[in-house]
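Undergrad: Can you keep this structure in mind? I'll have questions shortly.
The values are calculated or read from the model by the stated rules, or taken from the named source; none is laboratory data. Quick caveat, the model's predicted, so the values are computed rather than measured. We place every Cβ from the backbone using ideal geometry, glycine too, and count neighbours over all the protein chains shown. Side chains are part of the model used for accessible areas, which takes the heavy atoms of the whole protein and leaves out ligands, DNA and RNA. Shrake-Rupley method; radii C 1.70, N 1.55, O 1.52, S 1.80 Å.
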Amino acid sequence: SSKTSEQWFAEYSVCHQNPVNKAIHCVCVPAIAVAVVGLLWAIPVPWSDSFGWINLATIVVAASLLFYARLS
């Protein structure tokens, strides 16, 4: 049997009340985010010669900021 979305969210909520889990998230989630941005920054793109600061990392970060700004 498959779980409903409400069951998944309830289970997720319970797991995130544990203090150890919260502490791990406070350290690991930002570390993962920084690592992903670093990996995206390292991917060569054809337009980087003309616009050195515009790469996949800046595009993904800008899109993410726009997405979360629209949510708020």
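Undergrad: Enter the accessible area of Ile32 (Å², nearest 10), with the probe set to 1.4 Å and all protein chains included.
TA: Rounded to the nearest 10, the figure is 100 Å².
Undergrad: Please give the solvent-accessible surface of Leu71 in Å², to the nearest 10, using a probe radius of 1.4 Å with every protein chain present.
TA: Number for this one is 120 Å².
Undergrad: Where the convex hull is taken over the Cα atoms of the chain, what is its projected area averaged over directions, in nm²?
TA: Values: hull surface 31.1 nm².
Dividing the Cα hull surface by four gives the mean projection, 7.8 nm².
Undergrad: Taking amide H atoms as placed 1.01 Å from N in the peptide plane, list the residues 5 or more away in sequence, or in a different chain, whose amide H sits under 5 Å from that of Ile54.
TA: Correct list: empty.
Undergrad: Keeping all protein chains in the complex and leaving out DNA, RNA and ligands, what accessible area do you get for Glu6 with a 1.4 Å probe, in Å² to the nearest 10?
TA: My reading of the accessible area for Glu6 is about 130 Å².
Undergrad: Please report the carbon-and-sulfur percent of the accessible area for the chain; probe 1.4 Å, protein heavy atoms only, DNA, RNA and ligands left out.
TA: Values: 4540 of 6160 Å².
The value for the chain is 74 percent carbon and sulfur by accessible area.
Undergrad: Within the chain, which whole H helices from DSSP have a Cα span along their axis of at least 24 Å and a mean Kyte-Doolittle hydropathy of 0.5 or more, if any?
TA: 19-42
Undergrad: Considering only protein heavy atoms, what per residue accessible area in square angstrom results for the chain with a 1.4 angstrom probe? It would help to have the intermediate numbers written out before the result.
TA: Working: 6160 Å² over 72 residues.
Ligands and nucleic acids excluded, the result is 86 Å² per residue.
Undergrad: I need to check one value: relative contact order of the chain, counting alpha carbon pairs closer than 8 Å and at least 6 residues apart, in percent.
TA: This gives 18 percent for the chain.
Undergrad: If you keep only loop residues by DSSP, which chymotrypsin sites (Phe, Trp or Tyr not before Pro) in the stretch 1-53 have at most 14 other Cβ atoms within 10 Å of their Cβ? Intermediate values should be presented prior to the final figure.
TA: On the way: sites: Trp8, Phe9, Tyr12, Trp41, Trp47, Phe51, Trp53; in loops: Phe51, Trp53.
Passing sites in the stretch 1-53 are Phe51, Trp53.
Undergrad: Another one. Report, in deg cm²/dmol and to the nearest 500, the calculated mean residue ellipticity at 222 nm for the chain, where each DSSP H run with n ≥ 4 adds -39500 (n - 2.57) and the sum is divided by the residue count.
TA: Numbers: 3 runs with 51 residues, N = 72.
Rounded to the nearest 500, the figure is -23500 deg cm²/dmol.
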